[in-house]
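Student: Could you have a look at this structure, given as structure tokens, before my questions?
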């Protein structure tokens, strides 16, 4: 569940402006926790977790340590394996 920073504004004349909002670590951690919870079933005791999913879950957990700002973490959100 990637944190959305991009905001699209369309004025009454149909002109489109794209801006990027700053996000908080609270938002990043919340979305990370949701995504981890949604993939917990893959890491159950009776299943073998693929190395791709291990790497993805590790990358999610490491977001706060790997990026200086929450916005940088949101921009570099790890994509889940297929």
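No value in this document is a laboratory result; all are computed from the given coordinates. Keep in mind the model is a prediction, meaning the values are calculated, not measured. Note: ideal-geometry Cβ built from the backbone for every residue, glycine included; neighbour counts use all protein chains shown.
Student: So, by mean Cβ neighbours within 10 angstrom, what's the order for 66-72, 15-21 with the highest one leading?
Tutor: The peptides rank, most packed first, as 66-72, 15-21.
Student: How do 53-59, 36-42 rank on mean C-beta neighbours within 10 Å, highest first?
Tutor: The packing order, highest mean first, is 53-59, 36-42.
Student: What 222 nm value per residue comes from the helices of the chain, counting each DSSP H run with n ≥ 4 as -39,500 (n - 2.57) and dividing by all residues, nearest 500 deg cm²/dmol?
Tutor: -12500 deg cm²/dmol
Student: Would you work out the relative contact order for the range 6-75, in percent, from Cα pairs under 8 angstrom that are 6 or more residues apart?
Tutor: Relative contact order of the range 6-75: 32 percent.
Student: Oh, and also: Where in the range 1-29 does the label zone of residue 75 land, with the point 7 angstrom along Cα→C-beta and an amide N cut-off under 20 Å?
Tutor: Backbone N within reach: 1-9, 17-29.
Student: Just to be sure I understand the model, the point goes 7 Å from the Cα along the line to the Cβ. What's the resulting residue 12 to residue 41 distance in nm?
Tutor: Modelled inter-label distance: 4.9 nm.
Student: Taking the chain as the region of interest, what is the percent of Cα-Cα pairs per 5 angstrom bin, listed from the shortest bin to the one with the maximum distance?
Tutor: All Cα pairs considered, the percentages come to 3, 14, 22, 19, 13, 11, 8, 5, 3, 2, 1, 0.
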